[in-house]
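The values are calculated or read from the model by the stated rules, or taken from the named source; none is laboratory data. Here the structure is a predicted model, which is why all the values come from computation and not from measurement. Here the Cβ is made from the backbone with ideal geometry for all residues, glycine too, and neighbour counts use every protein chain on show. Heavy atoms of the whole protein, side chains included, go into the accessibility calculation; ligands, DNA and RNA do not. Shrake-Rupley method; radii C 1.70, N 1.55, O 1.52, S 1.80 Å.
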Amino acid sequence: MKPQIIFGFHAVGARLRTRADSVREIYVDAKREDKRMSGLLDTAKSKEVRVMTVDGKRLDGMTGNARHQGVVAMVEPSALPQFVDDVLDELKVPPFLLVLDGITDPHNLGACLRVADAAGVHAVIAPKDRSVGLTASAMKVASGAAESVPYITVTNLARTLRELKERDIWLVGADEGGDVSLFGAKLAGPLAWVMGAEGEGLRRLTRENCDQIVSIPMFGAVESLNVSVASGVCLFEARRQREAAAPK
């Protein structure tokens, strides 16, 4: 498989800590000599990863002028599961999933992966069409979560949702028009949160495949939340309920 480019201190540092053997080489800006860079270089040295000092313009070219912070790495693609069944068949606990429908912004995807990792989600699922791929920008925003949470794209999201239901996984869609409040929903069992794009919400067929539509109570002037913020709110409420229901 072709190597991937990742960039930014969080993404590169996380890969060094968790899978240093997959890092082929690191490129750093010759002009950056601060404490943060020194720490990264020390970690790379301890892991015996080769570091190349280059001009900042080369890093701009490698990343398409993204905000790379002066550090870029060439890495082997992640060995995380590529199929939903592979994830579910290995679980010894009730599944806990996040489904993203129509998320096209890599920053939103990266932030969703980050909160999914923090909440202990087993996998993030998205359709191949009308959604962003796991780009270098998304991986940077994910701050290492792309290395720990499988991001699985599927050809037919509606069919995948039906297959999850056949495995007795409760599908809960988040939408401001939901008839149940988040704090009144029962979320402790096998669960998949289904989130739509900000502004558009859940697509019709996606919504129809959900077992329940839940709304987040809003107490201020704003009417909606960014999808990554909404995902964090919903996932951690489900995590709270799962922890409360777990055997002591």
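Here is how the numbers come out for the structure above:
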quantity: Residue among 220, 196 that is closer than 30 Å to residue 68 by Cα and of a type outside the set (Lys, Arg); calculated: 196
quantity: Unmet requirement for residue 140, which otherwise passes all of (1) out of contact with any His (no Cβ under 8 Å at 6 or more places or on another chain); (2) basic (Lys, Arg); (3) farther than 16 Å from residue 193 by Cβ; calculated: (1)
quantity: Matching residues, the stretch 11-43, being aliphatic (A, V, I, L, M) and within 23 Å of residue 135 (Cα to Cα); calculated: 11, 12, 14, 16, 20, 23, 26, 28, 40
quantity: Strands (runs of 3 or more DSSP E) (entirely within the stretch 1-98) containing at least 2 residues that are charged (D, E, K, R) and either open to solvent by 20 Å² or more (accessible area, probe 1.4 Å) or farther than 30 Å from residue 190 by Cα (or both); calculated: 23-29
quantity: Filtered residues of the stretch 109-119 (kept if open to solvent by less than 30 Å² (accessible area, probe 1.4 Å) and touching a helix residue (DSSP H, G or I) at 6+ places or on another chain (Cβ under 6 Å)); calculated: 109, 110, 111, 112, 113, 119
quantity: Matching option when the condition is touching a Cys at 6+ places or on another chain (Cβ under 6 Å), buried (at least 16 other Cβ atoms within 10 Å of the Cβ) and not polar (S, T, N, Q), among 192, 174; calculated: 174
quantity: Unique residue being over 15 Å from residue 134 (Cα atoms) and touching a residue at least 40 places away in the same chain (Cβ under 8 Å) when the list is 91, 80, 97; calculated: 97
quantity: Residues (open to solvent by 10 Å² or more (accessible area, probe 1.4 Å) and either free of Cβ contacts under 8 Å to residues at least 60 places away in the same chain or under 11 Å from the mean Cα position of the chain (by Cα) (or both)) located in the stretch 122-138; calculated: 122, 128, 129, 130, 131, 132, 133, 134, 135
